[in-house]
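The structure appears right after this line, and notes come after that.
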Amino acid sequence: MFSPKMRHSSFFCSVLCIAACTIVTRAANILVFMPLPLKSHFRGFQPLFEELSHRGHNVTVVSSFPLDRPINNYTDIGPFINKERVRNVMELVNMNFITSAQLKWKLGIQLSETVMSHENMKKFLQSSSNSFDLVMIETFCQEYTVAMGHKFNAPVINLAPAMLWVSVSKWLHLPSTFSYIPDVCLQTAGDMDFVERLKNTITGLMQSYVENYIYLPKMKEVMNKYITYEGWESRPPLEHMLNNVSLTLVNSNYAIGVARPYLQGVVEVGGMHLKTPKSLPENLQTILDAADEGVIFFSFGTVVNLNDLPKEKLKIFLNVVQKLKQKVILKWVPKDNVKLSKNIMTGSWFPQNDILAHPNVRLFITHGGLHSIEETVNNAIPIVGVPFFADQYLNIKIVEQQGYGKLVNFFEMTEESFENAVKEVLSNARFKEMAMVQSQVFKDQPMKPLDRAVYWVEYVLRNGGAEHLKSDSLELNDLQYFLLDVSVIILVLTGLIIWSCYLIVAKCISKKLNTA
């Protein structure tokens, strides 16, 4: 016989054992396969990979951006490029709605060949000792990565670095109506006039159909050349694998983007990288605390280097900020011995989110990158945006529509127009008020974006790939999906009825004429 005390101890031990077993069975081996050196894309999702490892999952990350500190259960494989690619931003700013798609195709083909041919990558792909329960990929410029799901017989989650564009949504059969959902690289927002809708339709059709014949075959070549393994000859076509991803996590949020329809298997998780502000370095804290007139933070992110800009444009920026009474923290390392006024502090890097959280910050001058928009909205700071390429125009257009910032066109910018925009946002309290409204909308969520992302990743694991999240329309071809076959039959029948009616009427008229 067991005493009550022993029975209690035995029960307690049993509970502990069950709990321990539950944790072990729930832990999964997860592969993150994002090899291309697209820093902002990777950094947006890196907090998710770290959080999954903190929760007991074994996360293997194949990327060009290994951690600078060790984390339990987090294994880096890479990098696959000797140095991060430095590109003059002026090579990108002249893109239009047609060349933006072509540049993406060219970028994907060139970078994929470089990365996939790297010795570190070859060793990983040829290894037969790995086993994974889930594969997470990014398909932007690297659609072939979806083949890793077939290699490891595991469900696939796609990670989208911005609001979904047609190249991704077409595989999910996600509505991307050209009349009101703008392409991320189109220099407009949702309220489009006829010309903008025409451009949006053209770029949408290019991504829907043209790229299937020009670009996708190149992705298949990369896949068949480098991602080979036992049984790879029998893997489904690339299109079929892209159709069958289990879940798509999108680094966007309707509060700072476009409100649009999503299927159950598409989840917005924009803002995962946002963290509680940390204490600032002493020199920055002193400057911000002592700024009675306020502080302007000026940063164009990691891609746009002010030294690459035409001298006349750089001069405009410097002339304007030097005349301001506010302190200006400028992310820039001058090439030459440039004399700047005392109100300007420069540096190669600043803790952006921590600075924006300081109560004395009055304005953020930004290029309009998605992470910058998320941070400024989270901290309710008004914006003057100078977009350069990609989704930056769309982001700043939305900011302007929502009333918490001004867009300055880089090509048309003069010293007067830039100065007027800065002074208007600083002097008009309406911009700050709208920033606070938008911040409240952005923060009003049932759970934090990072927790939401983790939940859905584990949902896919718990439910064996969550096949039920996929659209039933995936079995339909375009003729069936858009009811073109039904429309043709209806038109033919309608035509036949009209023709029959015409013949009957004509015959009746002819009879009357003959009898007369």
Heavy-atom accessible area of segment 362-446 with neighbours in place, 1.4 angstrom probe: carbon+sulfur share in percent works out to 48
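Could you work out the local net charge near Val320, counting Lys and Arg as +1, Asp and Glu as -1, over the other residues with Cβ closer than 14 Å to its Cβ?
+1
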What trypsin sites (Lys or Arg not before Pro) in segment 247-329 are in a loop by DSSP, with at most 14 other Cβ atoms within 10 Å of the Cβ? Lys275, Lys278, Lys323, Lys325
Structure-derived Kirkwood radius over Cα pairs in Å - corresponding label in (i) 25.9; (ii) 25.0; (iii) 29.0: (i)
Give the accessible area for Lys335 in Å² (nearest 10); use a 1.4 Å probe, count only protein heavy atoms, and leave out ligands, DNA and RNA. 150
Tell me, what is the per residue accessible area of segment 318-362 in Å², probe radius 1.4 Å? 56
How high is the relative contact order of the chain, given as a whole-number percent (alpha carbon pairs under 8 Å, six or more residues apart)? 14
Which value, in Å² and to the nearest 10, is the accessible area of Asp191 when all protein chains are kept and the probe is 1.4 Å? 130
Set of lysines near Lys278 by C-alpha distance (under 29 Å), chain-local residues within fewer than 8 positions excluded: Lys39, Lys325, Lys327, Lys331, Lys342, Lys406, Lys432, Lys443, Lys448
Which one of His240, Gly465, Asn224 is farthest out on the positive end of the charge dipole of the chain, using unit charges on Cβ (Lys, Arg +1; Asp, Glu -1) and the Cα centre as origin? Gly465
Taking the Cα centre as origin and putting +1 on Lys and Arg beta-carbons and -1 on Asp and Glu beta-carbons, what dipole magnitude results for the chain, to the nearest 20 debye? 160
How much length is gained if the chain between Asn319 and Gln401 is pulled fully straight, taking 0.36 nm per residue apart and subtracting their Cα-Cα distance, in nm to one decimal? 26.7 nm
Cross-link reach from Lys313 to aspartates and glutamates, straight Cα distance under 18 Å and at least 8 residues apart if same chain, gives Glu91, Asp336, Glu412, Glu415, Glu416, Glu419
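Taking the Cβ of Tyr481 as the centre, find all other residues whose Cβ is under 12 Å away and add up their charges (Lys, Arg: +1; Asp, Glu: -1).
Details: positive: Lys170; negative: Asp472, Glu475, Asp478, Asp485.
That works out to -3.
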Give me the dipole magnitude in Debye, nearest 20, for segment 214-284 about the Cα centre, with unit charges on the beta carbon: positive for Lys and Arg, negative for Asp and Glu. 140
5 Å is the cut-off here: which amide hydrogens, built 1.01 Å from N in the peptide plane, fall below it relative to Val61, excluding neighbours closer than 5 in sequence? Val32, Thr75, Asp76, Ile77
Given the candidates Leu263, Gly294, Asn283, the one whose Cα lies deepest towards the positive end of the charge dipole of segment 251-297, counting +1 at each Lys or Arg C-beta and -1 at each Asp or Glu C-beta, is Leu263
Calculated from DSSP H runs of 4 or more alone, at -39500 (n - 2.57) each and per residue, what is the 222 nm mean residue ellipticity of the chain, nearest 500? -14000 deg cm²/dmol
Are there chymotrypsin sites (Phe, Trp or Tyr not before Pro) in segment 168-251 that DSSP marks as loop and that have at most 16 other Cβ atoms within 10 Å, and which are they? Tyr180, Tyr229
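The values are calculated or read from the model by the stated rules, or taken from the named source; none is laboratory data. Here the structure is a predicted model, which means the values were calculated and not measured. Ideal geometry is used to build each Cβ from the backbone, glycine not excepted, and the neighbour counts take in all protein chains shown. When the accessible area is computed, the model is the full protein with side chains, heavy atoms only, and any ligands, DNA or RNA have been set aside. Shrake-Rupley method; radii C 1.70, N 1.55, O 1.52, S 1.80 Å.
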